[in-house]
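The structure appears right after this line, and notes come after that.
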Amino acid sequence: MKNYRERLKDAETIVIKVGTSTITYETGKLNLGHLEKLAFVISDIRNLGKKVVLVTSGAIGVGVNKLGLKEKPGVMSEKQAAAAIGQCELMHIYNKMFSKYGYVVGQILLTREEIDFEERRNNVINTFSKLLEYNAIPVVNENDSIAVEEIEFGDNDTLSAIVSKLIGADLLIILSDIDGLYSADPRTDPEAKLIPVVEEINDEVEKSAGGAGSGRGTGGMVTKLMAARIATQAGTDVVVANGGNPCIIQDIISGQDSGTLFVAQPSS
Ligand code: GLU
């Protein structure tokens, strides 16, 4: 098998996606240690001269916590209000943490409408490119305060893949609370093994993830696999890895064997 890991060292434009589980505790409060490391590692990668875009979840969870609600509200307007509050808090923290290392952040909130309509899509692409030119770090989330079913992405794995495609990223790193793709469900099968490299997302791979569309895969792998498919088809390498220590990002971009690498498909 080719050494696909080696070429990750040359990735120039990198999208990093962090899930709510990486940036908050089970209590719902912010995991400041993880956020701190994330800001440090991303700033360090910027210092290397690479371009980085951060796709972050957590708006709703952080908002729920800030409002002191016992659980995530079911009513759309309540969820959207919680997201409006949580998104502010998230940006406040990212702004504070990145500024420590001399970087400014710029918020981009998206719905499907910005992707589906050419003019809006071009505007978004231009904004990304200017922010990167200004050495700012674009911080992206779904616009949860206005997104309703018809125009939502639904999950940030998909959003991160779409952003990667939009900006022509070389590498997408999806950090989660799982180590990567396993041959079977590691929670129930002691024989389950981590798959280091996936050259093609075929039926067998989908089976390992719990089957497309089942909604619940091997530790939530289904949406990650869907994201990997979108991004790899657009020519972006994708690594799904455990965000338990965000410094894993440095291992990945130095070509080390971390998580599962989904290899970018050659353009046809
Ligand atoms: N956009 C949602 C939020 O910020 C998260 C969606 C996801 O975790 O996939 O709360």
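Averaging sequence separations of C-alpha pairs under 8 Å and six or more residues apart, then dividing by the length of the chain, give the relative contact order as a whole percent.
Details: 526 pairs, mean separation 60.9, N = 268.
With pairs under 8 Å counted, the relative contact order is 23 percent.
For residue 189 and residue 245, FRET efficiency with R0 = 25 Å and r from the beta-carbon atoms, rounded to 0.05? Walk me through the intermediate numbers first.
Values: r = 25 Å, r/R0 = 1.01.
The calculated FRET efficiency here is 0.50.
Defining a contact as two alpha carbons under 8 Å apart and six or more residues distant in sequence, what relative contact order in percent does the stretch 34-151 show? All intermediate terms of the calculation are to be shown ahead of the outcome.
Values: 145 pairs, mean separation 37.1, N = 118.
This gives 31 percent for the stretch 34-151.
Given the pairs 79/130; 17/79; 72/224; 37/165; 37/66, which span a C-alpha to C-alpha distance of over 29 angstrom in this model? The partial results should precede the final answer.
Working: 79/130 32 Å; 17/79 22 Å; 72/224 23 Å; 37/165 26 Å; 37/66 23 Å.
Violating the 29 Å Cα-Cα cut-off are 79/130.
How big is the charge dipole of the stretch 122-268 about its Cα centre, in debye rounded to the nearest 20, if each Lys and Arg gets +1 on its Cβ and each Asp and Glu gets -1 on its Cβ?
So the dipole magnitude of the stretch 122-268 works out to roughly 220 debye.
Sort 172-182, 252-262, 46-56 for me by packing, meaning the mean count of neighbouring Cβ atoms within 10 Å per residue, highest on top. Before the final figure, lay out each step's value.
Values: 172-182: 24.3, 252-262: 20.7, 46-56: 19.1.
My ranking of the peptides, most packed first, is 172-182, 252-262, 46-56.
Relative contact order (percent) for the stretch 137-268, with alpha-carbon contacts under 8 angstrom and 6 or more residues of separation?
Values: 235 pairs, mean separation 39.8, N = 132.
Once normalised by length, the contact order is 30 percent.
Report the charge-dipole magnitude of the chain in Debye, nearest 20, computed about the Cα centre from +1 at each Lys and Arg Cβ and -1 at each Asp and Glu Cβ. Mind dumping the intermediate values first?
Values: 27 positive and 36 negative charges, 163 e Å.
It comes to approximately 780 debye.
Per residue of the stretch 196-209, what does 6.51 cos²θ - 1.76 cosθ + 1.60 with θ = phi - 60° give for ³J(HN,Hα)? Whole Hz please, x for Gly and Pro, Karplus curve as stated.
With the stated coefficients, the stretch 196-209 comes to x, 9, 10, 7, 8, 7, 10, 4, 5, 5, 5, 5, 4, 7 Hz.
Quick one: pull the percentage of alpha-carbon pairs in the stretch 83-212 with a separation above 23 Å.
Every Cα pair in the stretch 83-212 considered, those over 23 Å come to 48 percent.
Once whole DSSP H runs in the chain are found, which of them have Cα atoms spread over 15 Å or more along the helix axis and a mean Kyte-Doolittle score of at least -0.5?
On the way: long enough: 32-47 (22 Å, 0.37); 76-99 (34 Å, -0.03); 118-133 (22 Å, -1.02); 156-167 (16 Å, 0.78); 221-233 (18 Å, 0.65).
Within the chain the helices that satisfy the rule are 32-47, 76-99, 156-167, 221-233.
What distance in nm lies between label points placed 7 Å from Cα along the C-beta direction at residue 71 and residue 117?
Roughly 3.7 nm, to one decimal.
FYI, it's all coordinate maths here, none of it is from the lab. Note that this is a predicted model, so its numbers are computed, not measured. Cβ: placed from backbone, ideal geometry, glycine included. Neighbour counts: every protein chain shown.
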